[in-house]
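Nothing in this text is a laboratory measurement; each read-out follows from the coordinates by a stated rule. Remember, it's a predicted structure, so these values are computed and weren't measured experimentally. Ideal geometry is used to build each Cβ from the backbone, glycine not excepted, and the neighbour counts take in all protein chains shown.
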Amino acid sequence: MKVLVVGSGGREHALAWKLLQSNKVQQVTCVPGNGGTASMSRCQNLALSAQDFEGIGRFALVNGVSLIVVGPEVPLAAGITDYLRQQGLTVFGPTRLGAQLEASKVWAKALMQEAKIPTAQSVIFTQAEPALDYVRQHGVPIVVKADGLAAGKGVTVATTVEEAEAAITDAFNGKFGEAGYRLVLEEYLTGQEVSILALTDGITIRPLIPAQDHKRIGEGDTGANTGGMGAYAPAPIVTPELIERIQQEILDPAIATLSKRKIDYRGVLYAGLIITPDGDPRVIEFNCRFGDPETQVVLPLLDTPLHELLLACTQKRLADLPAIAWKPGAAACVVIAAAGYPDAYAKGKMITGIDQAESEGAVVFHAGTQRKSQTLVSDGGRVLGVTALGETLDAAIANAYTATQSIQFEGMYYRRDIGYQVQTARSAAG
């Protein structure tokens, strides 16, 4: 079969890489892809925008593409699945209506309330002054969220009133465009964050192994929010008993409520959770696609062929498949970013050392790269994700950092504390 992957980040490189491990997959085309997908055997980049639905559809029809996998949330929210399905194509990814789970936090909150899914208490505002008054009356910490899509940067966890006021003012002054003209102010929940990526055909939903992301730019989870600076899997805090609770209290009710609303949701339901000190799961947010960089640690541990799972979701037969199989051990990913990220950053910096990193057993997933005259250069804020496996989580983290040290480009930056939550919990336990 031929597969087309829409997107250009590390997540899409990981999807293409995993799909190509199946002997049933003849070729993968990435639209538009990046410098990493351009260099893989049986993989090609297609120089179209992820928003060019017509061009993607035409290519898929002419070239006999069997499956289209949509990586990013923006084309999903814009209706790429609806358009391509109308052309008779098979698409893994929710429709525009289903993608509102991520495209509108207000819409998602209403669905959670209807489904009785445990989540933080929240209030919605469409003007700055009432929102500012609310913060002054109720105090901090408080979470300020832009309603719409903001590339993972529309959330501020405010620990001072001034910080909350600045976030509110920035949003209503257009920092996130239309995405910030409606705000959700939410109670601050304490605990560990966990990412549960679940596959669904709209009837059955199956969680993949739990992962933990590192959203902040600085070590110890300090500084600005980013798209994600590293991840590891499986997350030890999520026990088999907790997974069962997440299935019953969050995943099943979400799919049942979407179905009740006549929304045909086939794709990934990504539940960003916080596990409270009492061990209870609460939803921070839902996303409508694979997480990045969580995908880069979940897929290397997956033993079931990926194409089988994705096709089963598109054909509404996920319940017919056996349990998802996993490799033993753990995976860790260190994201290497450009200097200045998540604010302004330079592009075009020559990258070296990837072959050395991969010779040490790592897999280097490209996020913001491109090839110029046989030279690999940086082309984004998050540039590379260095993933390594290990028999234990400590070993996987150590292997990822060893490989990371082989890579060089001007101004590169990475966090040196990926996995610190596990070590902190271990120390607290004595």
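Structure above, values below:
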{"read-out": "Residue of Gly202, Gly152, Gly390 that the Gaussian network model of the chain assigns the largest fluctuation, springs spanning Cα pairs under 10 Å", "value": "Gly152"}
{"read-out": "12 Å beta-carbon shell around Asp221, net charge (K/R +1, D/E -1)", "value": "-1"}
{"read-out": "Interatomic Cα distance distribution for region 121-187, bins of 5 angstrom, percent", "value": "4, 22, 36, 27, 11, 2, 0"}
{"read-out": "FRET efficiency, Asp303 to Gln127 (Cβ-Cβ, R0 51 Å, nearest 0.05)", "value": "0.50"}
{"read-out": "Cut-off 14 Å, label 7 Å out along Cα→Cβ of Thr222, residues of region 399-423 by amide N", "value": "415-417"}
{"read-out": "Lys, Arg +1 and Asp, Glu -1 on Cβ, resulting dipole of the chain about Cα centre, debye, nearest 20", "value": "1200"}
{"read-out": "Highest-MSF residue in the chain out of Ile168, Ile250, Ile124 [GNM, Cα springs under 10 Å]", "value": "Ile124"}
{"read-out": "The chain - percent relative contact order, Cα under 8 Å, separation 6 or more", "value": "16"}
{"read-out": "Full-extension gain in nm, Asp278 to Ala425, via 0.36 nm per residue minus C-alpha separation", "value": "51.5 nm"}
{"read-out": "Local electrostatic count at Ile80 - Lys and Arg +1, Asp and Glu -1, tallied over other residues with Cβ under 15 Å", "value": "-2"}
